[in-house]
Amino acid sequence: MSKAAVGELILELREGAASYGLPAEQIAEILPLPALTRLPRQSPYLLGITAYKGSIIPVLSLGALSGADNAQDAIGVICRCQESLVCFAADSAEQILTDSGDYVAYDASIMEQGRLKLSRVMRGDPAIFVLDPDATLDALLMSD
């Protein structure tokens, strides 16, 4: 957790009872869950692919990535990851927060069941698991 994160804008997303955050600077657009083309024999977290402004991009379920099995994905958040675009599906987008630097200590094993990679956990009710989208994409590419 670096001091550079303090003051960063974070988009808070809901997935079931959990709150996740994505760095707002990496968000290209928030939209209703786009039409999907499902792909055979894929991991449950890959909901499919979709067309976005002339590109074909993967749609990843935050719920499935975190190990939940009852995601009610309703929105898509188009995120710039590395040099690609990825759509993260979630239940809802809640608000834009400013990172105050008030973090909860956590054991990285809390995310062992899923494939999400965290940069920090911000204090809140509930706590907000701030994702590192680039590290998450790297982990997914390495695992499959």
When every residue in the range 16-51 that is hydrophobic (A, V, I, L, M, F, W, C) and part of a loop (DSSP other than H, G, I, E, B) is compared, the one farthest from Ala71 (Cα to Cα) is Leu39
Give Tyr52, Tyr45 a once-over and let me know the one that is surrounded by 15 or more Cβ atoms within 10 Å (Cβ to Cβ), of a type in the set (Phe, Trp, Tyr) and out of contact with any helix residue (DSSP H, G or I) (no Cβ under 6 Å at 6 or more places or on another chain).
Tyr52
For the structure I just gave you, tell me whether Val130 is touching a strand residue (DSSP E or B) at 6+ places or on another chain (Cβ under 6 Å), crowded, with 17+ Cβ neighbours inside 10 Å, more than 17 Å from Ala18 (Cα to Cα) and in contact (Cβ under 8 Å) with a residue 24 or more places away in the chain.
no
Positions within the range 41-66 being of a type in the set (A, V, I, L, M) and either in contact with a strand residue (DSSP E or B) (Cβ under 6 Å, 6 or more places away or on another chain) or free of Cβ contacts under 8 Å to residues at least 60 places away in the same chain (or both), in sequence order
Leu46, Leu47, Ile49, Ala51, Ile56, Ile57, Val59, Leu60, Leu62, Ala64
Enumerate the pairs (first residue in the range 85-111 and over 24 Å from Ala64 (Cβ atoms); second residue anywhere and among the acidic types (Asp, Glu)) with beta-carbon separation below 6 Å, excluding pairs fewer than 6 apart on the same chain, so at least 6 apart or on different chains.
Leu97/Glu12; Asp99/Glu8
Of residues in the range 1-15 being more than 18 Å from Asp134 (Cβ to Cβ) and either of a type in the set (Gly, Ala, Ser) or assigned to a helix (DSSP H, G or I) (or both), the one nearest to the chain's Cα centre (by Cα):
Gly7
Extreme residue, nearest to Pro133 (Cα to Cα), among residues of the range 18-40 that are without any contact (Cβ under 8 Å) to a residue 40 or more places away in the chain and touching a strand residue (DSSP E or B) at 6+ places or on another chain (Cβ under 9 Å):
Glu25
Filter result (more than 22 Å from Gly16 (Cα to Cα) and loosely packed, with under 12 Cβ neighbours inside 10 Å) within the range 85-99:
Thr98
Check the range 57-76 and report whether any residue there is surrounded by 14 or more Cβ atoms within 10 Å (Cβ to Cβ), closer than 20 Å to Leu9 by Cα and charged (D, E, K, R).
no
Among the candidates Glu8, Glu25, Glu29, which residue alone is among the charged types (D, E, K, R), at pLDDT 95 or above and surrounded by 14 or more Cβ atoms within 10 Å (Cβ to Cβ)?
Glu8
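Among the listed residues Asp99, Asp69, Asp73, identify the single one that is over 14 Å from the mean Cα position of the chain (by Cα), modelled with pLDDT under 95 and among the acidic types (Asp, Glu). Lay out the reasoning, then the answer.
Details: Asp99 fails: modelled with pLDDT under 95; Asp73 fails: over 14 Å from the mean Cα position of the chain (by Cα).
Every option except Asp69 fails the conditions.
The values are calculated or read from the model by the stated rules, or taken from the named source; none is laboratory data. Values in this document were obtained by computation on a predicted structure and should not be read as measured data. Cβ sites come from the backbone with ideal geometry, for glycine too, and all protein chains shown count toward neighbours.
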